[in-house]
Amino acid sequence: MADYELVKKMLRAILQSSKSGLPLSRLQAEYKELTGEAIPHKQLGHATLDTLLHSMSSVVRLDRGRSGEVMCYATVGNEMAHITKLAARHHTAKKTGRPQVVNCQMRVKPSAPLVLNGRTDKHFCKLRSLLPPLFQPQTSETFLYSTFFRSDKRMTLPSRFQKEVHAHLSRNPQQTPFNLNESTTPPKPRTPHSSPYSPKLVQSRLKEVLSKHSNGLWVSKLPQLYRELYKQDLPSEALKDLEEWTHICTIEKPCSSKPQELLLYPAKDISQTTTPPSPAMTPTANKQSPPTQNPPASPTVLSADLKQKLGELLLKYSSGLWAHALPKLYQDTYKTKLPEYVLDNLPLLSDICTIDYPMPDNPKRAILYVKAVEDENCNQEDLADLRAREEAGRRISYQTVPPLLIPREEYPSVLVVEASNTNSVVLRYIGEGYSKAQEKLEDEMKEFYGQDNTKKSLVSPSSGQLTAVHAEEEEEILRAQVCEVMSEKVKVYYVDHGFSEVISKSKLLELHEKFFRLPFQATKCKLAGLEPFSQEPVVLKKFDSMASGKILLAEILERNDIPLMVLYDTSQDDDVNINAACLKALQDKSLESPMQVNSAYMNVNVTSVSSDGTFCCQLPSRGLTKLNEVLEKAETYFHSQVTSESLVSRPFCGKSCLARFKGKWSRVEITNLHGSRVLDILFVDLGVQASVEVIELREIPPPFLRDLTAIPPQAVKCCLADLSVSVGSWTPDAVQWLRDRALQCSDCSLKIAKVEESKRLAHVYLFTSKNFHDLSRSLNHQLAESDLWKHQKDVFLSSQGPLKTPTPQTSKKVPPQSRTTPPITPPRNLALPPVLELPPAGHNIDIYVSVACHPGHFVLQPWQDMYKLVVLMGEMILYYNKTEEKPLTVEKNQVYAAKVENNWHRVLVKGVLTNGLVSVYELDYGKHELVSCTLLRPLIQEFRQLPFQGITAQLAGVKPRQWSEEASIVFRNHVEKKPLVAQLDSVQDAAQPWDRKVTVFLVDTSQEDRDVWVHDIMAEFADELTKAA
C-alpha cells in the first residue's frame, strides 16, 4: 500500500518549485523523475489520477489553461494563507488592489561558521562529567539533499526514523541528483558580523568589566552589560567557561540566592597581559603569544593626543583592525605620519585595545580590538531612561505586554506592512514564535470570544487603552490599541498588524488578561543606506511597489531598538537588494550615458576588458562631466578634512561609497563581504571589480552625497560587433591583444551597431583613432583578420581543454603580442604545511563537521584554530584577486590555490579533464569541486604555514558496512554543519596529510539535560532496520 502522506509531500514539493503551475501530464513525469515511479493513484484507492488529485485539495488545485489542458497549482498552506490574509486586510484598509506575497518558500541562507561571509550562531556547551568546557548551538540549520526513493529499491524504514526521513524529503523539494559532496549554493548577499568565539578577546574584555565592578556582579547581568559596552553579544560558550577562568574571575554562589544566580568577582591577581592563562588550560596558548623580541628604545607610554586618535580609528572598526594597516590609515585620516615605534612596540596600545596574534610567526600581523570607552554611569542612566520609556509604553489597561525580541537568526523572514519613512518601516517577523504564535493567539481569541458569556463590550474606551476588535468581514478577533475617541467611532491601531482603522465603538471588546502574554507583533526597522533620503517620495514609491505586502529576507546589521536592516526579495533566480534598488530610484535618467544605434563617439575611454571579450568604457556625456566635477571637489574635501568620520565602519552589500582607483577617488558599490575585513567592490563608473580591505573605503561626504547619488553609473558595457564567441569566452591571448590596444589608447572612438536593452550591452566597432568611418580600421576587423582569431576555435579548445597552450602553427605571421604565453610551472620545492596536531587517543576536541556523507566518511575541522583559517582566506582573496591570470601547467596530486565561487581555497588537484575543467579537493573543508583551469594559481609560501584544516574521519562505535541512503540522511541530519565534541579513538597516519584518517566518537552537547552520542543513534537505526527487514 502506498504511503498517502508521502505522496502528498512529494506532490507538494514538485508544485511549490513551479510557481506558474504544471500541466497534468508534466506533473506525472516530474513525480516519476523524482521518485522513480508513477503517481500510485490506484494503490491509494482511486480509479483515476484526477480523482486522487481532487481529494488532495490541501496540496493541489486543478484548473484549465487557455489551451484547455488541465493545470496543477500548489495550494497555499495554512501559514501562507494566514499571512496573505493579513496582508490583504492591511491593504484593504489603505487602498484597493491585491497584495503580492512572494517568497513563499524561503531560500536557504546557510551561514556556515568561518566561510568568510557571516557570523556563526553555532556554539558548544559542556559535555557533562566527561568532557571539557565546550560550546552550545543556539540555532539549527536546514540543509538540502536529494531524494532517493526508487521503485526497485524500496526500503521499509524503522518507525522511529520514518518521520525524520520523510520530513527531511518534504522540506527539501528542489534538488539535483544526489552528490555526496554537494553543498548548498552560498547566498549572494553577505554581511559582516563578529568573528568566531575568541576566548582571549572575551577574557580581556571581562577584565575591563570586572575592573569597574570590583564589588562583584550577577552572572545573569553579564550578557546585557557586555552588549552595552562592546555592541556585541557575549558568546554563550563564554558563560560555560567562566569557572575555568580562575585567573580572570572568581565565581561565588550565595546561599540565599536562586540556584541559577551566581556572583562574579575579579580574580585576586589579575594579569595585565592579554595572553591566555596557562598551557594546561589552553593547549595552544604558547602558540598564540608573539615571539619574544627586544623592544627598541622608544617612549614607554603614548601621548594623550596620539592615544585619542588611535582610539578613534579603532572605534570605527569594532570587529578588529590589522596592526599593519594602522600607518596608512593614520596618514590618510590625520595627514601626519604614525610614529614607527608604535608598531614595533604594540603593547603600548594595551590600555586602549586588545591585541591578538593570529599569525605567531609574525608579531606585526596582529589584530587590534578596541576597548570600551563609554562612561559607565552615563550608560546606566541612559539604559534606565530607555527601560522606563518602554515600560510606560507597554503598560496599558493595567497589564504589561512583554517586548518583542529580534529573531536570533541572521536572515529572518519578514512581512513588510508599510513605510511612510524608510527610517521607520512597519513589518512583522515570520516563523515560529512570531507569525505562527500570532495565528495561534487569534484562533484562541476567536474561540474565547465566540462564547456569549465572555463577549463583554468595552463601554467607555479611552485613548491608549488596549482592546479586542471584532473584524466582521473576517470573523476574527484582533488586538488593537485605541488611538482616538470620536462620538460614535474610534480610531484603533492593530498592534499585531501595523496599521490603523476607524471603526464603530460597537466592535470594541474588553481584552482578557491572558491575551497580554504575546508581544505586539508589529514592529519597525530602519533601511540601511537610505537614511538621508528616508522621506523622498520617489524612494517611498519604489519601496512600496517592491516590498509592501511581501515576505522578504531581512539581513540584520544592527540589533538596536529599531534594528538596521537590508531587505532582499529572494523569490526570483537572482536576489534583489531592495535598499539598493530604492537608492537607484534617485538617479537622474537625463545623466545616463548615451547609447544610440548608428551613433559615433570620440574621446572614448576604455576602462576594463573582461575575460569573455566584453569591455567597459566611458562615453562623453553630461553625466560624466558632472561626475568628474563632483569627484574633484570630493578630492579637495578629503585633503582638507582631518577626521575619522569618513571611515566606513558598517559595510553591507549594496552600499555606495568611495575607493581609490589609480590614485583618485571613485564611486564603488559593495558586492560581497568575506567576514568583517575583506570585501568585493565594483567601481560602478569603470566596470572594474576588485577585492579590498574595509579600511580602504570612505563614506561619500555629505555635501556631495545627493549629487553623486543622482548620477547614474557611467560605465557602458560593450562587445566587439561580429566577433561573438559562441562558447562564451575568449582565449587569454585574444583578451590580452584587446587589452594591449584598447587600454593603452587614451583617445579611442567607437560606433554603436546595436544595443541589447535587456542586458544593457552595446555591440560596437572600436577604433584607436578618430577615423571611425572606415570599418576596416576597427579593432574588430584587425582581430578578425589576424591569425590569432583565425585559430580561435583551436586555441580556445586548447586553452580551456589541455592545460598547456600550444604555440600557433603559423608563428611567422603572428605578431609578437599575439603569441601564446608559455605556461608557468609552479615550483616543486615549496614545502607543504605542517601536519595538524591531534591529541592522544581518548582525548576530546571541539570540532565542526563541514561535510558528512555517511558514518564511514565525513570531514571535521578543529574549532580552536578556525579563526586562523578566516584570516588566511581573507589574505588569499586580497592577494589572488589582484594577480593577473597567466597560463599554468596543472599537474595531478599537486597543491594549488583555486577560486571556488567567491572565495580562494587551498586545493589538491585530483584529476585534469579534457574539457578544461579540473577536479579539486578543498584541503580545509573536505569538499570536491570542478573548476576551470583558468581559476587555479600557484599556492605561495605565505599560504603554506597553517596546517590543512580538513580531517577525514569515520565514526567509532559502529561496525563498518555499506550504509543505506536513508541511514546517510539520518547521519547527516545529526552532524553536518554542526559543532560537536569528538573523542579521538584512533589515527591512521599517511605519507600525505590529506590521506590521514581518524576514527572518532561524536557527541552532541547542545541539549541541557543529556549528551547525544551519535554512534548510539546509528547503531539503533541499523538494528531496527535489520529487524524491519
How big is the equivalent ellipsoid of the range 870-991 along its three axes, where each semi-axis is √(5λ) from the Cα gyration tensor, reported in whole Å from largest to smallest? 31, 17, 14
Please list 3J(HN,Hα) in residue order for the range 412-417, calculated via the Karplus relation 6.51 cos²θ - 1.76 cosθ + 1.60 where θ = phi - 60°; whole Hz, with x for glycine and proline. x, 8, 9, 9, 7, 8
For the range 403-408, take each phi angle, set θ = phi - 60°, evaluate the Karplus expression 6.51 cos²θ - 1.76 cosθ + 1.60, and give the result in whole Hz per residue in order, putting x for glycine and proline. x, 7, 8, 6, x, 6
So what's the convex hull volume per residue for the Cα atoms of the range 664-768, in Å³? 168 Å³
Express the accessible area of the range 901-992 per residue in Å², computed with a 1.4 Å probe while the remaining protein chains stay in the model. 38 Å²
Given the protein chains as shown and a 1.4 Å probe, how many square angstrom of Lys589 are accessible, to the nearest 10? 130 Å²
Gain in length, Ser463 to Ser25, computed as 0.36 nm per residue apart minus the alpha-carbon separation, to one decimal in nm? 151.7 nm
Can you send over the carbon and sulfur percentage of the accessible area for the range 522-562, probe radius 1.4 Å, protein chains only? 46 percent
In nm, to one decimal, how far is the modelled label at Ala38 from the one at Glu5, with both set 7 Å along Cα→Cβ? 2.7 nm
Hydrodynamic radius of the range 542-624 per Kirkwood, over alpha carbon pairs, in Å: 16.5 Å
For Tyr867 the rounded accessible area (nearest 10 Å², probe 1.4 Å, non-protein molecules ignored) is 40 Å²
Taking amide H atoms as placed 1.01 Å from N in the peptide plane, list the residues 5 or more away in sequence, or in a different chain, whose amide H sits under 5 Å from that of Leu338. Gln331
What percent does the relative contact order of the range 437-497 come to when contacts are Cα pairs within less than 8 Å and at least six residues apart? 26 percent
As a test question: what accessible area, to the nearest 10 Å², does Trp218 have when a 1.4 Å probe is rolled over all protein chains in place? 100 Å²
At R0 = 51 Å the Cβ-Cβ FRET efficiency linking Ser506 and Arg1010, nearest 0.05, sits at 0.40
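May I ask you to order 590-600, 327-337, 658-668 by the average number of other C-beta atoms within 10 Å around their residues, highest value first?
658-668, 327-337, 590-600
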At 0.36 nm per residue, and after removing the present C-alpha to C-alpha distance, how many nm does the segment from Glu476 to Lys959 gain when stretched out fully? 168.1 nm
Could you calculate the contour length gain from Glu592 to Gln331, that is, 0.36 nm times the residue separation minus the distance between their Cα atoms, to one decimal place in nm? 90.3 nm
Rounded to two decimals, what is Rg over Rh for the range 841-893 when you use alpha-carbon atoms and the Kirkwood radius? 1.14
Can you put Asp989, Asp561, Asp50, Asp733 in order of accessible area, largest first, using a 1.4 Å probe? Asp989, Asp561, Asp50, Asp733
Distance in nm between pseudo-label sites at Glu891 and Lys997 (7 Å out along the Cβ direction from Cα): 2.7 nm
Relative contact order (percent) for the range 531-652, with alpha-carbon contacts under 8 angstrom and 6 or more residues of separation? 15 percent
In nm, spacing of pseudo-spin labels at Thr625 and Asp722 (7 Å Cα→C-beta vector): 3.4 nm
Find the Rg to Rh ratio for the range 625-669, where Rh is the Kirkwood radius over alpha-carbon pairs and Rg uses the same atoms. 0.97
So what's the range 612-719 giving for Cα Rg divided by 2.2 N^0.38 Å, two decimals? 1.07
Fraction of accessible area attributable to carbon and sulfur, the range 639-718 (%, probe 1.4 Å): 50 percent
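The values are calculated or read from the model by the stated rules, or taken from the named source; none is laboratory data. Treat the numbers as computed from the prediction; the structure is a model and nothing was measured. Cβ coordinates were reconstructed from backbone atoms using ideal geometry, including for glycine residues, and neighbour counts include every protein chain displayed. All accessible areas refer to the heavy atoms of the entire protein, side chains included, with ligands and DNA or RNA removed. Shrake-Rupley method; radii C 1.70, N 1.55, O 1.52, S 1.80 Å.
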